[in-house]
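The values are calculated or read from the model by the stated rules, or taken from the named source; none is laboratory data. Only a predicted model underlies this, so the values are computations on that prediction, with no experimental measurement involved. Here the Cβ positions follow ideal geometry from the backbone for every residue, glycine too, while neighbour counts run over all protein chains shown.
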Amino acid sequence: MLLKAMLAAAAVATFTVPSYAQESAEPITVGMSGGYFPFTFVRQDELQGFEVDLMNAIGEELGREIQFETMSFSGLIGALQAGRIDTVANQITITPEREATFIFSEPYVYDGAQIVTREGNEDTISGPEDLSGKSVAVNLGSNFEALLRELPNADEIDIRTYESNIEQDTALGRVDAFVMDRVSSTQVIKESPLPLALAGTPFSEIRNAYPFRDDEEGRALRDDVNAALDTLRENGTLTEISQKWFDADITKPE
(Lines give C-alpha, C1' and ligand atoms only; values in the text may rest on other atoms or scores of the structure.)
Protein backbone atom coordinates (compact mmCIF):
# COMPACT_ATOMS: atom_id res chain seq x y z
CA MET A 1 0.00 0.00 0.00
CA LEU A 2 2.85 2.36 0.83
CA LEU A 3 4.48 1.72 -2.56
CA LYS A 4 1.19 2.39 -4.38
CA ALA A 5 0.74 5.66 -2.48
CA MET A 6 4.27 6.75 -3.36
CA LEU A 7 3.76 5.94 -7.07
CA ALA A 8 0.44 7.80 -7.09
CA ALA A 9 2.05 10.88 -5.51
CA ALA A 10 4.88 10.78 -8.06
CA ALA A 11 2.37 10.62 -10.93
CA VAL A 12 0.52 13.65 -9.61
CA ALA A 13 3.77 15.59 -9.22
CA THR A 14 4.86 14.70 -12.76
CA PHE A 15 1.76 16.18 -14.36
CA THR A 16 1.26 19.22 -12.11
CA VAL A 17 1.02 22.39 -14.27
CA PRO A 18 2.87 25.44 -12.90
CA SER A 19 0.59 28.20 -11.60
CA TYR A 20 1.79 30.58 -14.32
CA ALA A 21 1.09 28.17 -17.20
CA GLN A 22 -2.61 27.40 -17.02
CA GLU A 23 -4.06 26.48 -20.42
CA SER A 24 -7.52 27.67 -19.33
CA ALA A 25 -6.32 31.20 -18.43
CA GLU A 26 -7.77 34.23 -20.19
CA PRO A 27 -5.87 35.69 -23.18
CA ILE A 28 -3.36 38.46 -22.51
CA THR A 29 -4.28 41.62 -24.42
CA VAL A 30 -1.14 43.45 -25.50
CA GLY A 31 -1.06 46.95 -26.92
CA MET A 32 1.49 48.10 -29.51
CA SER A 33 1.73 50.71 -32.25
CA GLY A 34 2.65 48.44 -35.15
CA GLY A 35 4.75 51.30 -36.48
CA TYR A 36 8.12 51.10 -34.74
CA PHE A 37 10.50 49.00 -36.83
CA PRO A 38 11.98 46.54 -35.98
CA PHE A 39 10.22 46.20 -32.63
CA THR A 40 6.65 46.22 -33.94
CA PHE A 41 5.57 46.86 -37.52
CA VAL A 42 3.21 45.66 -40.24
CA ARG A 43 4.53 44.15 -43.45
CA GLN A 44 2.31 42.47 -46.04
CA ASP A 45 -0.63 42.89 -43.64
CA GLU A 46 1.20 40.88 -40.94
CA LEU A 47 2.05 42.30 -37.53
CA GLN A 48 5.63 41.33 -36.75
CA GLY A 49 8.85 42.34 -35.04
CA PHE A 50 10.94 41.67 -31.95
CA GLU A 51 8.12 42.59 -29.55
CA VAL A 52 5.65 40.33 -31.36
CA ASP A 53 7.96 37.32 -31.31
CA LEU A 54 8.89 37.81 -27.67
CA MET A 55 5.35 38.27 -26.45
CA ASN A 56 4.21 35.19 -28.42
CA ALA A 57 7.04 33.22 -26.77
CA ILE A 58 5.87 34.46 -23.35
CA GLY A 59 2.31 33.41 -24.17
CA GLU A 60 3.49 29.96 -25.21
CA GLU A 61 5.47 29.59 -22.01
CA LEU A 62 2.46 30.63 -19.92
CA GLY A 63 -0.02 28.59 -21.93
CA ARG A 64 -2.02 31.73 -22.67
CA GLU A 65 -3.19 33.21 -25.95
CA ILE A 66 -1.78 36.62 -26.89
CA GLN A 67 -4.18 39.12 -28.45
CA PHE A 68 -2.54 42.20 -29.99
CA GLU A 69 -4.28 45.56 -30.14
CA THR A 70 -2.63 48.20 -32.35
CA MET A 71 -3.14 51.92 -31.80
CA SER A 72 -1.15 55.15 -31.89
CA PHE A 73 1.84 55.08 -29.57
CA SER A 74 0.56 58.12 -27.67
CA GLY A 75 -2.64 56.23 -26.80
CA LEU A 76 -1.04 53.09 -25.39
CA ILE A 77 -0.51 54.28 -21.82
CA GLY A 78 -4.07 55.62 -21.59
CA ALA A 79 -5.44 52.31 -22.87
CA LEU A 80 -3.51 50.47 -20.17
CA GLN A 81 -4.76 52.81 -17.46
CA ALA A 82 -8.34 52.38 -18.68
CA GLY A 83 -8.08 48.58 -18.62
CA ARG A 84 -8.57 48.12 -22.36
CA ILE A 85 -5.26 46.25 -22.57
CA ASP A 86 -3.25 44.23 -20.03
CA THR A 87 0.22 45.53 -20.91
CA VAL A 88 2.21 47.34 -23.60
CA ALA A 89 4.93 45.79 -25.77
CA ASN A 90 6.40 48.76 -27.62
CA GLN A 91 9.87 49.32 -26.19
CA ILE A 92 8.46 51.05 -23.12
CA THR A 93 11.23 52.65 -21.06
CA ILE A 94 11.16 52.53 -17.28
CA THR A 95 10.98 56.12 -15.99
CA PRO A 96 10.23 57.55 -12.53
CA GLU A 97 7.03 59.11 -13.89
CA ARG A 98 5.77 55.80 -15.21
CA GLU A 99 6.81 53.95 -12.05
CA ALA A 100 4.59 56.32 -10.08
CA THR A 101 1.58 54.90 -11.97
CA PHE A 102 2.52 51.37 -13.08
CA ILE A 103 4.51 48.37 -11.94
CA PHE A 104 7.05 46.93 -14.36
CA SER A 105 8.38 43.54 -15.33
CA GLU A 106 12.10 42.93 -15.19
CA PRO A 107 13.92 44.69 -18.08
CA TYR A 108 14.25 42.72 -21.31
CA VAL A 109 16.05 45.34 -23.47
CA TYR A 110 19.01 47.54 -22.56
CA ASP A 111 19.72 50.45 -24.88
CA GLY A 112 20.64 54.15 -25.06
CA ALA A 113 19.26 57.39 -26.50
CA GLN A 114 20.74 58.20 -29.90
CA ILE A 115 20.82 61.36 -32.04
CA VAL A 116 20.25 60.85 -35.78
CA THR A 117 20.73 63.52 -38.42
CA ARG A 118 20.81 63.91 -42.19
CA GLU A 119 23.82 62.22 -43.73
CA GLY A 120 26.64 64.72 -44.00
CA ASN A 121 25.63 66.63 -40.87
CA GLU A 122 26.80 64.03 -38.33
CA ASP A 123 30.19 65.72 -37.95
CA THR A 124 28.51 68.81 -36.47
CA ILE A 125 26.84 66.86 -33.63
CA SER A 126 28.97 64.86 -31.22
CA GLY A 127 26.48 64.84 -28.36
CA PRO A 128 23.41 66.55 -26.83
CA GLU A 129 25.43 69.69 -26.08
CA ASP A 130 25.52 70.31 -29.85
CA LEU A 131 21.71 70.38 -30.13
CA SER A 132 21.52 74.01 -28.97
CA GLY A 133 19.88 76.13 -31.63
CA LYS A 134 18.62 73.06 -33.52
CA SER A 135 15.19 71.56 -34.13
CA VAL A 136 14.97 68.01 -32.78
CA ALA A 137 12.11 65.58 -33.38
CA VAL A 138 10.90 62.88 -30.98
CA ASN A 139 8.03 60.43 -31.14
CA LEU A 140 4.93 61.73 -29.38
CA GLY A 141 4.43 59.96 -26.05
CA SER A 142 7.98 58.60 -25.90
CA ASN A 143 10.39 59.24 -23.04
CA PHE A 144 12.86 61.01 -25.34
CA GLU A 145 11.08 64.34 -25.00
CA ALA A 146 11.57 64.15 -21.23
CA LEU A 147 15.24 63.21 -21.71
CA LEU A 148 15.80 66.28 -23.89
CA ARG A 149 13.98 68.58 -21.47
CA GLU A 150 16.28 67.42 -18.67
CA LEU A 151 19.41 68.51 -20.56
CA PRO A 152 21.28 71.59 -19.30
CA ASN A 153 20.74 73.26 -22.71
CA ALA A 154 17.07 72.21 -23.04
CA ASP A 155 15.87 75.83 -23.32
CA GLU A 156 18.01 76.22 -26.43
CA ILE A 157 16.57 73.17 -28.23
CA ASP A 158 13.46 73.35 -30.45
CA ILE A 159 11.83 70.05 -29.45
CA ARG A 160 9.11 68.84 -31.82
CA THR A 161 6.82 65.85 -31.25
CA TYR A 162 5.77 63.57 -34.10
CA GLU A 163 3.24 60.78 -34.55
CA SER A 164 5.00 59.69 -37.78
CA ASN A 165 7.42 60.80 -40.53
CA ILE A 166 10.16 61.54 -38.00
CA GLU A 167 12.82 59.96 -40.24
CA GLN A 168 11.55 61.51 -43.47
CA ASP A 169 11.43 65.04 -42.11
CA THR A 170 14.97 64.71 -40.79
CA ALA A 171 16.24 63.38 -44.12
CA LEU A 172 14.48 66.24 -45.93
CA GLY A 173 15.96 68.84 -43.60
CA ARG A 174 12.65 69.93 -42.07
CA VAL A 175 14.21 69.25 -38.67
CA ASP A 176 17.90 69.09 -37.85
CA ALA A 177 17.82 65.74 -36.04
CA PHE A 178 15.69 63.23 -34.22
CA VAL A 179 16.31 61.27 -31.03
CA MET A 180 15.39 57.60 -30.75
CA ASP A 181 16.94 54.57 -29.11
CA ARG A 182 20.23 53.44 -30.67
CA VAL A 183 18.99 49.96 -31.57
CA SER A 184 16.02 51.22 -33.57
CA SER A 185 18.05 54.06 -35.10
CA THR A 186 20.69 51.63 -36.35
CA GLN A 187 18.07 49.36 -37.90
CA VAL A 188 16.18 52.26 -39.51
CA ILE A 189 19.38 53.51 -41.16
CA LYS A 190 20.26 49.97 -42.27
CA GLU A 191 16.86 49.28 -43.84
CA SER A 192 15.90 52.72 -45.13
CA PRO A 193 17.01 54.40 -48.38
CA LEU A 194 16.86 57.76 -46.60
CA PRO A 195 20.17 59.64 -46.17
CA LEU A 196 20.49 59.38 -42.38
CA ALA A 197 23.44 58.89 -40.03
CA LEU A 198 24.10 58.35 -36.33
CA ALA A 199 25.46 61.46 -34.63
CA GLY A 200 27.69 60.86 -31.62
CA THR A 201 27.26 58.07 -29.11
CA PRO A 202 24.27 57.15 -26.87
CA PHE A 203 23.85 59.64 -24.05
CA SER A 204 21.43 57.91 -21.68
CA GLU A 205 20.87 54.31 -20.59
CA ILE A 206 17.44 52.94 -21.41
CA ARG A 207 15.82 49.88 -19.84
CA ASN A 208 12.69 48.54 -21.52
CA ALA A 209 10.09 46.52 -19.64
CA TYR A 210 6.38 45.66 -19.67
CA PRO A 211 4.13 47.98 -17.62
CA PHE A 212 1.12 46.67 -15.68
CA ARG A 213 -1.63 48.26 -13.61
CA ASP A 214 -0.77 48.27 -9.92
CA ASP A 215 -3.67 46.11 -8.75
CA GLU A 216 -4.03 42.46 -7.76
CA GLU A 217 -4.56 41.26 -11.33
CA GLY A 218 -1.73 43.40 -12.69
CA ARG A 219 0.72 42.23 -10.04
CA ALA A 220 -0.15 38.58 -10.68
CA LEU A 221 0.34 39.00 -14.43
CA ARG A 222 3.63 40.85 -13.85
CA ASP A 223 4.89 37.95 -11.75
CA ASP A 224 3.85 35.40 -14.39
CA VAL A 225 5.56 37.37 -17.16
CA ASN A 226 8.73 37.66 -15.07
CA ALA A 227 8.74 33.88 -14.55
CA ALA A 228 8.36 33.36 -18.31
CA LEU A 229 11.14 35.87 -19.08
CA ASP A 230 13.45 34.05 -16.66
CA THR A 231 12.80 30.77 -18.46
CA LEU A 232 13.26 32.30 -21.92
CA ARG A 233 16.50 33.90 -20.79
CA GLU A 234 17.82 30.66 -19.31
CA ASN A 235 16.93 28.47 -22.31
CA GLY A 236 18.36 30.94 -24.84
CA THR A 237 15.08 31.89 -26.53
CA LEU A 238 15.39 35.56 -25.55
CA THR A 239 18.84 35.77 -27.13
CA GLU A 240 17.67 33.94 -30.27
CA ILE A 241 14.82 36.41 -30.83
CA SER A 242 17.19 39.33 -30.34
CA GLN A 243 19.74 37.89 -32.77
CA LYS A 244 16.99 37.35 -35.35
CA TRP A 245 15.99 41.01 -35.41
CA PHE A 246 19.20 42.85 -34.46
CA ASP A 247 22.14 40.51 -35.13
CA ALA A 248 23.08 41.22 -31.53
CA ASP A 249 21.91 40.43 -28.02
CA ILE A 250 20.24 43.59 -26.72
CA THR A 251 18.61 41.75 -23.81
CA LYS A 252 21.59 42.06 -21.46
CA PRO A 253 23.27 45.14 -19.96
CA GLU A 254 26.65 45.92 -21.50
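Which of the residues that make up the range 234-247 are in contact (Cβ under 8 Å) with a residue 60 or more places away in the chain and surrounded by fewer than 16 Cβ atoms within 10 Å (Cβ to Cβ)? Let's see the steps before the verdict.
If we filter the range 234-247 for residues that are in contact (Cβ under 8 Å) with a residue 60 or more places away in the chain, which is where we start, we get 237-238, 241-242, 244-246.
Residue satisfying the conditions is LYS244 alone.
Among the residues of the range 221-234, is there at least one that is touching a Phe, Trp or Tyr at 6+ places or on another chain (Cβ under 9 Å), in the same structural domain as TYR36 (by TED's automatic domain parsing) and farther than 21 Å from LEU54 by Cβ? No: zero hits.
Quick check on PHE212: is it under 24 Å from LYS252 (Cα atoms) and buried (at least 20 other Cβ atoms within 10 Å of the Cβ)?
Details: under 24 Å from LYS252 (Cα atoms): yes; buried (at least 20 other Cβ atoms within 10 Å of the Cβ): yes.
Taking the combined requirement at face value, the residue satisfies it.
Among the residues of the range 170-216, how many are assigned to a helix (DSSP H, G or I) and closer than 18 Å to VAL136 by Cβ? So that I can check it myself, show each step before the final result.
In the first step, residues of the range 170-216 are kept if they are assigned to a helix (DSSP H, G or I); the result is 170-171, 182-191, 216.
From what is left, the residues that are closer than 18 Å to VAL136 by Cβ are 170-171, 182, 184-185, 188-189.
Here the count works out to 7.
Scan the range 131-159 for residues that are in a helix (DSSP H, G or I) and more than 18 Å from SER185 (Cα to Cα) and jot them down. If the condition is that a residue be in a helix (DSSP H, G or I) and more than 18 Å from SER185 (Cα to Cα), then ALA146, ARG149, ALA154, ASP155, GLU156 are the ones that fit.
Would you point out the residue of the range 218-254, among those that are in a loop (DSSP other than H, G, I, E, B) and within 26 Å of GLU99 (Cβ to Cβ), that is modelled with the lowest pLDDT? Checking each candidate, the answer is GLU254. Of the candidates VAL179, VAL188, the single residue that is at pLDDT below 90 and either within 17 Å of the chain's Cα centre (by Cα) or not assigned by TED's automatic domain parsing to the domain that holds ASN143 (or both) is VAL188. Taking the conditions (1) at pLDDT 95 or above; (2) more than 22 Å from VAL183 (Cα to Cα) in turn, GLU97 satisfies each one other than (1).
Screening GLY218 against (1) farther than 30 Å from VAL30 by Cβ; (2) in the same structural domain as GLY49 (by TED's automatic domain parsing) leaves a single unmet condition, (1). When ASN121 is tested against (1) out of contact with any Asp or Glu (no Cβ under 9 Å at 6 or more places or on another chain); (2) crowded, with 16+ Cβ neighbours inside 10 Å; (3) in contact (Cβ under 8 Å) with a residue 40 or more places away in the chain, just one condition goes unmet, and that condition is (1).
Looking only at residues of the range 116-130 that are in a loop (DSSP other than H, G, I, E, B) and within 27 Å of the chain's Cα centre (by Cα), we find that the one that is farthest from ALA146 (Cα to Cα) is GLU119. Within the range 100-124, how many residues turn out to be under 17 Å from PHE203 (Cα atoms) and out of contact with any Lys or Arg (no Cβ under 8 Å at 6 or more places or on another chain)? Counting residues in the range 100-124 that are under 17 Å from PHE203 (Cα atoms) and out of contact with any Lys or Arg (no Cβ under 8 Å at 6 or more places or on another chain) gives 6. Considering the range 38-106, the qualifying strands (runs of 3 or more DSSP E), each wholly inside and each with 1 or more residues that are surrounded by fewer than 22 Cβ atoms within 10 Å (Cβ to Cβ), touching a Ser or Thr at 6+ places or on another chain (Cβ under 9 Å) and hydroxyl-bearing (Ser, Thr, Tyr), run over 66-70.
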